[in-house]
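Notes to accompany the following structure.
Readers should treat all values here as calculations from the given coordinates under stated rules, not as data from a laboratory. Every value quoted in this text rests on a predicted model; they were computed, and no experiment measured them. So basically every Cβ, Gly included, is an ideal-geometry build from the backbone, and we count neighbours across all protein chains shown.
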Amino acid sequence: DAGVIQSPRHEVTEMGQEVTLRCKPISGHDYLFWYRQTMMRGLELLIYFNNNVPIDDSGMPEDRFSAKMPNASFSTLKIQPSEPRDSAVYFCASSLDGVNYNEQFFGPGTRLTVL
Amino acid sequence: DAKTTQPPSMDCAEGRAANLPCNHSTISGNEYVYWYRQIHSQGPQYIIHGLKNNETNEMASLIITEDRKSSTLILPHATLRDTAVYYCIVRVQHNTDKLIFGTGTRLQVFP
């Protein structure tokens, strides 16, 4: 398996533009997570899905952020409009719906820079 | 989930054992101890987890004190590639599956 795939790996955009980050989880995994990492706030959970359904979006910073999972193999995180403070590395992770073992597998991340 | 306390940084000589401590004095009886690490510019990587017994796998060993208020991650023979930030996380093992990352310990392995 190729692991969790994220695209693009790097994104540079200007303030006010729409940004879409993409994630392909590991095949067969039931959970998908979106995290954001900054120097100031560390690694924080934004939202997670179980079987394509959003379960907890309490970490989504504001209405400018939205996430979707239209099927088991694809998810997007959208920021509209983007702001410089959204600059961060965004990670996607997936895991099995295991009873006793909940290792999360992380993708390589998308480094977002908003100018 | 219980909070954890880790030293911000540690050094270790290559080939020696790296012992990374974690305090979790408010841990509940049903909370597990998880360790992840993050090598620079990569996503976090799972290392090991345990409830109350010591655990060992191909990457590391996890020693949990009898009262479960603290634990130690041991990398038996540290290499330069083990240089990373190590996160200790305690969480209930159920299907909400949330990991809450603290600030971790930055381990520097030197030649």
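Odds and ends about this structure:
- Taking the Cα centre of segment A:55-115 as reference, the dipole from Cβ charges on Lys and Arg (+1) and Asp and Glu (-1) amounts to some 260 debye.
- Stretchable slack from A:SER87 to A:ARG111, in nm (0.36 nm times residue separation minus alpha-carbon distance): 7.9 nm
- Electrostatic dipole magnitude of chain A [Cβ: Lys, Arg +1; Asp, Glu -1; Cα centre; debye, to 20]: 280 debye
- Here the Karplus curve 6.51 cos²θ - 1.76 cosθ + 1.60, taken at θ = phi - 60°, turns the phi angles of segment B:100-107 into couplings of 10, 8, x, 8, x, 10, 8, 9 Hz, with x standing for Gly and Pro.
- Using θ = phi - 60° in the Karplus curve 6.51 cos²θ - 1.76 cosθ + 1.60, the 3J(HN,Hα) couplings for segment B:25-32 round to 5, 9, 4, 8, x, 9, 9, 8 Hz; x is entered for Gly and Pro.
- A:MET39 versus B:ILE39: modelled label distance in nm, points set 7 Å from Cα along the beta carbon direction: 2.4 nm
- Stretch gain in nm, segment B:LYS69-B:LYS52, where the contour uses 0.36 nm per residue and the Cα spacing is subtracted: 5.1 nm
- Cut-off under 5 Å, modelled amide H: who pairs with B:SER70 long-range: B:HIS24, B:THR65
- Our Cα-only numbers for chain A put the radius of gyration and Dmax at 13.5, 44 Å.
- Shielding by partners, peptide A:42-48 (average Cβ within 10 angstrom, other chains): 4
- Most mobile of B:LEU62, B:LEU99, B:LEU20 in a GNM of chain B (Cα contacts under 10 Å): B:LEU99
- For chain B, cysteines whose Cβ has no other cysteine Cβ within reach (under 4.7 Å): B:CYS12
- Only one residue of A:GLN37, B:PRO111, A:ALA67 has its Cα farthest out toward the positive end of the dipole of the protein assembly as shown, where Lys and Arg carry +1 and Asp and Glu -1 on Cβ, and that residue is B:PRO111.
- Taking chain B and dividing mean pair separation by its residue count, relative contact order in percent (alpha carbons under 8 Å, at least six apart): 37 percent
- Bridging of B:LYS69 to lysines at a Cα separation below 26 Å is possible for B:LYS3, B:LYS52, B:LYS98, once same-chain residues fewer than 8 apart are set aside.
- The mean number of partner chain beta-carbon atoms within 10 angstrom of a residue's beta-carbon across peptide A:19-30 is 0.
- In segment A:8-115, taking the dipole from charged Cβ atoms about the Cα centre, the farthest positive-side position among A:LEU96, A:ILE47, A:GLY107 is held by A:GLY107.
- Cα gyration tensor, the protein assembly as shown - rounded (a/c under 1.5), prolate or oblate: prolate
- Unit charges on C-beta of K, R, D, E only; dipole of chain B, Debye: 180 debye
- Computed FRET value (nearest 0.05) for A:ASP63 with A:THR20, which takes r as the C-beta separation and R₀ as 22 Å: 0.85
- J(HN,Hα) series, segment A:55-67, from Karplus relation 6.51 cos²θ - 1.76 cosθ + 1.60, nearest Hz, glycine and proline x: 9, 9, 10, 5, x, 5, x, 6, 5, 5, 9, 8, 9
- Residue mean of other protein chain beta carbons inside 10 Å, A:105-111: 3
- Point-to-point label distance, B:ALA17-B:THR103, nm (Cα→Cβ direction, 7 Å offset): 2.8 nm
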